[in-house]
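Data block below; observations after.
The values are calculated or read from the model by the stated rules, or taken from the named source; none is laboratory data. Note that the coordinates shown come from a computational prediction; the quantities given were computed from them, not determined experimentally. Cβ sites come from the backbone with ideal geometry, for glycine too, and all protein chains shown count toward neighbours. Quick note on the areas: whole protein, heavy atoms, side chains included, nothing else; ligands and nucleic acids left out. Shrake-Rupley method; radii C 1.70, N 1.55, O 1.52, S 1.80 Å.
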Amino acid sequence: MAERLTGHTELIGLMAYPIRHSSSPAMHNEAFAYLGLDYAYLAFEVDNSTLEDAVKGLRALKLVGSNVSMPNKTVVGQYLDHLSPAAELCGAVNTITNDNGVLTGHITDGIGFMQALKDYDIDPIGKKMTIAGAGGAATAIEIQAALDGVKEISIFNIHDKFWDNAVETVRKINEKTDCKAALYDLDDKEQLRKEIEDSYMLVNATGMGMKPLEGQTWLPDTSYLRPDLICCDTVYAPLETKFLSMAREVGCKRQNGLGMMLFQGAAAFKLWTGRDMPIEHMKEVLNIKYGD
Ligand code: NAD
């Protein structure tokens, strides 16, 4: 490390709270070292109360950029100069680039999800996706899927604080893309069955399946699934959620959230460095297995 970090080393940050558990620093620093790039990636405990100062600091210290995670994703946009089209549509930012003091907000979560599908020979373009969720991850996936050419998206969510967000997402997708989107109540299980029936893939983008909702799913039973339905989860801890274990029982092709995590990082890496993240090396070193 003493040899690697010099007076020339460029810094990339991660601004979130809590953040000490994040695997992003290990991922990016490993990729920098592997490719011999003179960057370092560090996590900073930043919440909404210190976010504006942190962005000013990023500008003043000429950081190459930063990742942004909860609780800052939907708040940081106001402190930046530009937003990418997807970040604008999502109303959220997870990556900042610094182009000589001009800060642009991007969202790579949806790109990461779509790229992970491609990496595992799953191709939803021109097909129908049913997805549960209306929070940050779900919105990024829904918007990117629509931008990339998924033909139809049926979104399910419970009537909680995220419902209005889903109404907005559906409106934006229908207005601004060629994709046809609709929103349904996740408690309407007959509608859920109907939408899954002619879907190519089914996605969990809710917090169900991870702590504190570990071992739970909104899918009532395996009769909703069929062997040729692709089942994907955004959750990666645990690697196999209740939803994915039900999909395994039925023999569905499955993917957990590790692929999305890896490829959202790879998309940010490319924005900062102009280089492709060494994906196969990262999978090996970080023991990333996201398919069956
Ligand atoms: P969020 O808080 O923005 O959204 C939470 C979502 O879960 C909402 O749709 C909410 O309605 C739903 N939900 C919460 N409790 C529920 C319940 N009891 N029943 C049904 N639905 C419920 O969170 P987020 O950032 O969008 O994260 C959602 C999931 O995506 C999490 O599991 C997270 O781990 C995962 N995620 C993965 C990645 C990745 O790279 N793989 C990135 C971001 C998030």
**Item:** Prolate/oblate/rounded call for the chain, Cα gyration tensor, a/c under 1.5 rounded
**Value:** prolate
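From the square roots a ≥ b ≥ c of the eigenvalues of the alpha-carbon gyration tensor of segment 186-269, which class results: rounded (a/c under 1.5), prolate (a/b over b/c), or oblate? Don't jump to the answer; show the numbers that get you there.
Values: a/c = 1.83, a/b = 1.50, b/c = 1.22.
Prolate.
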**Cα-based helix-to-principal-axis angle, 24-35 vs the chain, degrees rounded to 10** = 60 degrees
**Request:** Using a 10 Å cut-off on Cβ atoms, rank the peptides 234-246, 214-226, 86-98 from the highest mean neighbour count down.
**Result:** 86-98, 234-246, 214-226
**Request:** Springs between alpha-carbon atoms under 10 Å, Gaussian network over the chain: tell me which of Asp160, Asp228, Asp119 tops the mean-square fluctuations.
**Result:** Asp160
**Under Karplus coefficients 6.51, -1.76 and 1.60, residue-wise ³J(HN,Hα) of segment 78-91 in Hz, glycine/proline x** = 5, 9, 9, 8, 9, 10, 5, x, 5, 5, 4, 5, 6, x
**Asked** Just Met70, Met261, Met15 to compare: in a GNM of the chain, with alpha carbon springs under 10 Å, which one fluctuates most?
**Response** Met70
**Asked** Which of the aspartates and glutamates could be linked to Lys176 by a straight reach, that is with a Cα gap under 19 Å, when you skip same-chain ones fewer than 8 residues away?
**Response** Glu88, Glu142, Asp148, Glu152, Asp164, Glu168
**Complete:** Excluding residues fewer than 8 positions from Lys253 in its own chain, the lysines with Cα under 21 Å of it are Lys118, Lys127, Lys128, Lys151, Lys194, Lys242, Lys283, Lys289
**Asked** In terms of Cα to Cα distance under 28 Å, which lysines are near enough to Lys62, apart from those fewer than 8 places away along the same chain?
**Response** Lys73, Lys270
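Looking at the square roots a ≥ b ≥ c of the eigenvalues of the Cα gyration tensor of segment 153-199, which shape do they give, rounded for a/c under 1.5, prolate if a/b is larger than b/c, or oblate? Display every interim value, and only then the final one.
Numbers: a/c = 3.92, a/b = 1.18, b/c = 3.32.
Taking the square roots of the gyration eigenvalues as a ≥ b ≥ c, segment 153-199 is oblate.
Calculate what fraction, in whole %, of the accessible area of segment 91-154 sits on carbon and sulfur atoms when a 1.4 Å probe is rolled over the protein chains. Could you put the intermediate results ahead of the total?
On the way: 890 of 1900 Å².
Result for segment 91-154: 47 percent of the exposed heavy-atom area is carbon or sulfur.
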**Item:** segment 15-93 versus segment 150-210: alpha-carbon centroid distance in Å
**Value:** 29 Å
**Request:** Mind pulling the angle between the C-alpha long axis of helix 136-148 and the longest principal axis of the chain? Nearest 10 degrees, somewhere in 0 to 90.
**Result:** 80 degrees
